[in-house]
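The values are calculated or read from the model by the stated rules, or taken from the named source; none is laboratory data. Quick caveat: nothing in here was measured; it's all calculated off a predicted structure. Because the Cβ atoms are built from the backbone with ideal geometry, glycine has one as well, and the counts that use them run over all protein chains shown.
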Amino acid sequence: MEMIHRYERFFLGSTLAIMGIALVAVISSFFIEDLELPSPVETVDPAELTSHPPFDRPGLFEVGENEYDAIMTAQAWAFVPSVIEVPVGAKVNFKIGATDVVHGLIVHNTNVNLTIIPGQISQATATFDEPGEFLMVCSEYCGIQHHNMAGRVIVK
Ligand SMILES: [Cu+2]
């Protein structure tokens, strides 16, 4: 006499097998393929950020042929710098830290979508192949002026 119906046993077994496969996939992608969470590249005491190179001198720095590092800070309620101007085709590495609370950085129509946690430097790269203006907005509610926390990438 069976205690568990064979169909039920089949679905329980399949469920456990699928969970096992998913677990192996996640673990192997971390250890074998060296997968990392997207943002944190460096840790910095948020109170020291504005005196910690290169964040003591935020701005746009040419690091290669039409390649730039955008060194930025986020604080309530502004990005520094808030306007970035680059030529068409520029590859921009956004490196940004927060001095106070959690902020976000989304650059519209690009894949840049970062959470900026105080104490961590976040980084993402985008290539601007079309001229135009790309809005930068804060994507984490950071206080009463959050909706005004914005900037622009101008591509000409
Ligand atoms: Cu915000």
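The table for this structure:
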{"item": "Among the residues listed as PHE55, PHE10, the single one being in a helix (DSSP H, G or I) and not charged (D, E, K, R)", "result": "PHE10"}
{"item": "GLY89 surrounded by fewer than 19 Cβ atoms within 10 Å (Cβ to Cβ), more than 17 Å from the chain's Cα centre (by Cα), at positive phi and away from the ligand (no atom under 16 Å from the Cβ)", "result": "yes"}
{"item": "Considering residues of the stretch 37-50 that are of a type in the set (S, T, N, Q) and surrounded by 15 or more Cβ atoms within 10 Å (Cβ to Cβ) only, the residue farthest from the ligand (Cβ to nearest atom)", "result": "THR50"}
{"item": "Boolean, PHE134 is in contact with a Leu (Cβ under 9 Å, 6 or more places away or on another chain) and assigned to a strand (DSSP E or B)", "result": "no"}
{"item": "Pairs with Cβ under 7 Å, 6+ apart, first in the stretch 51-77 and within 16 Å of the ligand (Cβ to nearest atom), second aromatic (Phe, Trp, Tyr)", "result": "MET72/PHE79; MET72/PHE94; THR73/PHE55"}
{"item": "Some residue of the stretch 122-130 being in contact with a strand residue (DSSP E or B) (Cβ under 9 Å, 6 or more places away or on another chain) and within 16 Å of the ligand (Cβ to nearest atom)", "result": "yes"}
{"item": "Selection from the stretch 137-149 of residues that are over 13 Å from MET72 (Cβ atoms) and either near the ligand (Cβ under 9 Å from one of its atoms) or not in a loop (DSSP other than H, G, I, E, B) (or both)", "result": "VAL137, SER139, GLU140, TYR141, CYS142, GLY143, GLN145, HIS146, HIS147, ASN148"}
{"item": "Any hit, the stretch 103-115, residues being within 16 Å of the ligand (Cβ to nearest atom), under 18 Å from ALA47 (Cβ atoms) and either modelled with pLDDT of 95 or more or touching a Phe, Trp or Tyr at 6+ places or on another chain (Cβ under 8 Å) (or both)", "result": "yes"}
{"item": "Residue match in the stretch 122-142 (condition: modelled with pLDDT under 95, crowded, with 22+ Cβ neighbours inside 10 Å and either in the same structural domain as SER51 (by TED's automatic domain parsing) or in contact with a helix residue (DSSP H, G or I) (Cβ under 8 Å, 6 or more places away or on another chain) (or both))", "result": "yes"}
